[in-house]
1. Somewhere in the stretch 210-217, is a residue free of Cβ contacts under 8 Å to residues at least 24 places away in the same chain, at negative phi and buried (at least 17 other Cβ atoms within 10 Å of the Cβ)?
2. Out of all the residues in the stretch 59-66, is one or more surrounded by fewer than 15 Cβ atoms within 10 Å (Cβ to Cβ) and modelled with pLDDT of 90 or more?
3. All but one of (1) surrounded by 15 or more Cβ atoms within 10 Å (Cβ to Cβ); (2) within 30 Å of residue 142 (Cα to Cα); (3) modelled with pLDDT under 95 hold for residue 344, so report the exception by its number.
4. Among the residues that make up the stretch 229-243, is at least one of them in contact with a strand residue (DSSP E or B) (Cβ under 6 Å, 6 or more places away or on another chain), part of a loop (DSSP other than H, G, I, E, B), surrounded by fewer than 20 Cβ atoms within 10 Å (Cβ to Cβ) and touching a residue at least 12 places away in the same chain (Cβ under 8 Å)?
5. Could you list, in sequence order, all residues of the stretch 211-228 that are part of a strand (DSSP E or B) and at pLDDT 90 or above?
6. Can you confirm whether the stretch 218-226 contains a residue that is surrounded by 20 or more Cβ atoms within 10 Å (Cβ to Cβ) and in the same structural domain as residue 150 (by TED's automatic domain parsing)?
7. Mind listing whichever residues of the stretch 316-360 are touching a strand residue (DSSP E or B) at 6+ places or on another chain (Cβ under 9 Å) and either at positive phi or in a loop (DSSP other than H, G, I, E, B) (or both)?
């Protein structure tokens with residue numbers, strides 16, 4: 001068994017860095033188990049001689065990596081996951097050769113990540129350039145537009161080394177030229193991600209040009225990995241109203257914001273502007289009680305629809321307005337150019353005036369937001385009627401007993417309430433007071449009815 005002396009240290013090491021770097025300053029010798037014990041006692045750190053597995057960034061960013069294991073010949077092991085980066089590129093696997101001409105190993109796929117070590121090995125990271133696409137389209141509009149006319153275009157890339165056919169565009173030193181008619185489009189595929197581009201219409205032939213609804217004849221940007229960027233050109237020529245190429249109509253959509261009936265402080269609420277397809281084209285926060293979106297430009301006669309809605313926040317004590325306002329923008333033309341008028345709808349119904357989003361605060365102690373807290377002006381039962389009517393607490397205090405107008409007959413010895421005057425006949429005495437009580441009740445009922453009749457007559 002062979003060992004490499006690697007300085008003084010504690011215990012034994014499986015570090016293989018020195019071996020991959022040429023084993024500078026190390027000494028190789030053979031030892032048995034007794035010699036190993038002696039080396040440990042002296043503090044000499046030894047390295048077991050095995051096979052080295054290393055990883056190379058291959059133009060990527062990061063230091064060379066070495067497997068911490070010392071492998072025997074014939075060992076099967078899994079390759080490591082990628083630990084490097086390369087701006088504008090994606091990692092696709094390892095290869096035994098830097099140019100990718102050797103054996104491939106794919107750590108992201110089980111079964112394709114295993115290698116069989118017979119010798120020390122370096123695996124090189126393999127990279128693929130991130131790519132995206134560019135699409136250029138053409139439409140013409142207006143009553144004087146010629147849909148058979150071809151318009152020339154030029155695409156210029158920031159990287160002049162791009163040559164050859166990319167999709168339907170042919171680049172020479174990073175430049176592609178072509179022509180498009182109404183309704184036509186052309187795409188360049190697999191362009192390097194992050195590369196800058198400029199698309200320009202070189203001859204508009206008297207047409208007013210807009211790109212992606214912006215009044216311009218060119219578009220600049222960068223290719224986005226995995227996506228297609230679009231440059232939609234529109235050429236407008238309108239003779240109606242006596243103007244061949246009218247000025248575009250400009251529209252700025254606004255809304256108002258209230259919180260508990262007043263303009264809120266700060267900019268805590270977010271509002272979304274969507275086009276007719278439901279895509280969010282602008283997102284704005286309120287400035288106090290005002291919400292203002294960026295200006296919209298229109299170069300064609302027609303009707304356009306946009307919606308404004310409030311994005312619900314996370315505040316538990318605020319009820320957010322769920323209304324959706326629709327702006328119907330109608331573009332017409334007069335002698336001065338294109339003009340715009342706006343009609344509003346709220347939740348599909350006609351609406352007059354500027355949209356208003358009204359939020360209210362609610363008590364955080366109320367468990368049910370659909371059942372607001374009781375009216376603080378009426379905290380409980382009506383305080384004006386805390387119980388039975390105090391004006392009628394019971395029998396009329398002025399007439400607590402029998403009707404004074406009819407107290408009874410004094411010459412009747414058997415008047416209820418005087419059971420002691422009854423003859424001692426052996427009969428039970430208790431029915432007498434009971435009957436007397438019934439009589440009193442009958443008298444009270446009669447008195448009450450008579451009083452009600454009198455009150456009715458008085459009215």
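The values are calculated or read from the model by the stated rules, or taken from the named source; none is laboratory data. All values reported here derive from a predicted model rather than from experimental measurement. FYI the Cβ positions are ideal-geometry reconstructions off the backbone, even for glycines, and counts take in every protein chain you see.
1. yes
2. yes
3. (3)
4. Within the stretch 229-243, none of the residues are in contact with a strand residue (DSSP E or B) (Cβ under 6 Å, 6 or more places away or on another chain), part of a loop (DSSP other than H, G, I, E, B), surrounded by fewer than 20 Cβ atoms within 10 Å (Cβ to Cβ) and touching a residue at least 12 places away in the same chain (Cβ under 8 Å).
5. Passing the criteria: 211, 218, 219, 220, 221, 222, 228.
6. Checked against the condition, which is being surrounded by 20 or more Cβ atoms within 10 Å (Cβ to Cβ) and in the same structural domain as residue 150 (by TED's automatic domain parsing), the stretch 218-226 yields at least one hit.
7. To start, the set of residues in the stretch 316-360 that are touching a strand residue (DSSP E or B) at 6+ places or on another chain (Cβ under 9 Å) comprises 317-333, 337-348, 350-360.
Result: 317, 320, 321, 322, 323, 337, 347, 348, 352, 353, 354, 355.
Residues checked against (1) farther than 21 Å from residue 232 by Cα; (2) more than 37 Å from the chain's Cα centre (by Cα):
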position	(1), (2)
103	yes, yes
107	yes, no
116	yes, yes
119	yes, yes
124	yes, yes
156	no, no
170	no, yes
182	no, yes
189	no, no
